[in-house]
Amino acid sequence: MKVDTVDPKFEYLLRLGDNALVLSQQLGAWCGHGPALEEDLALTNVALDLLGQARLWLSYAGEVEGKGRDEDALAYLRDGAAFRNLLLVEQPNGHYGDTLMRQFLFDAWHQPLLLALAASSDPRIAEIANKASKEARYHLQRSAQLVIALGDGTDESHARMQASLERLWPFTQEWFESDPVDAQCAAQGLAPAADSLAAPWRASVEAVLTRATLQMPTVVGHQRGGRQGVHSEYLGHLLAELQFVPRAYPGARW
């Protein structure tokens, strides 16, 4: 990414919107397949919350870009390399414990990020973040409670949740690394510094993992690149489903 050729605000808005869009698509795949009716409905509601957030962020991104692309064009007509979501959210759903652990690790970062964005120097960002933070607070409470219940449950559920944690942990540090987009947005007061959320996130995660009787991983090194458009093969599979109808029938209206 050549910083001098991109608008930092546009890129940052894409990151926010793409995170919500991709994770919403992931959670939507569980609709009708949850382990219990109440849980099925709850997870579907989280997916819908994230989809609503994605629409707001991507709509504003299109306005900032000024090239006539609306939320639909940004969601359906970009290739994988143009997406700016974190690598964590594109990791496979796996079993239900994998999905819940992925959700918790994301929520523990997403909710304080939105709270910080609610104080953005950009009134539109602040407005969207203020609304989304209320939803994210519920998402975090819910995912944390489920991680605790399963981690401190049976031997089988504990082992599965620990394995999920170990597998996903290398994808949890990318969001704390500042690049030129982060730095410029922070300097303009549009967003918090990327590394400012590291300590609160770790404290929140550690508190929940302790209650869940799960061990904090000690992995050195991590995966990065999603925010710059370098993704795993999983994003391509996800976009193939997400974008099929608009690409198969361009310009269709219904």
*Does residue 194 satisfy the criteria of being free of Cβ contacts under 8 Å to residues at least 24 places away in the same chain and closer than 18 Å to residue 89 by Cβ?*
yes
_Yes/no for residue 94 being of a type outside the set (Asp, Glu), more than 16 Å from the chain's Cα centre (by Cα) and within 23 Å of residue 139 (Cα to Cα)_ = yes
*Looking only at segment 197-222, which residues are in contact (Cβ under 8 Å) with a residue 12 or more places away in the chain and either within 22 Å of residue 15 (Cβ to Cβ) or hydroxyl-bearing (Ser, Thr, Tyr) (or both)?*
197, 198, 200, 201, 204, 205, 213, 222
*Limited to segment 20-46, what total is found for residues that are touching a helix residue (DSSP H, G or I) at 6+ places or on another chain (Cβ under 6 Å) and either of a type in the set (Lys, Arg) or closer than 17 Å to residue 243 by Cβ (or both)?*
7
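Here, each number is a calculation from the coordinates, and none is a lab measurement. Every value quoted in this text rests on a predicted model; they were computed, and no experiment measured them. No Cβ is skipped: glycine too gets one built from the backbone with ideal geometry, and neighbour counts run over all protein chains shown.
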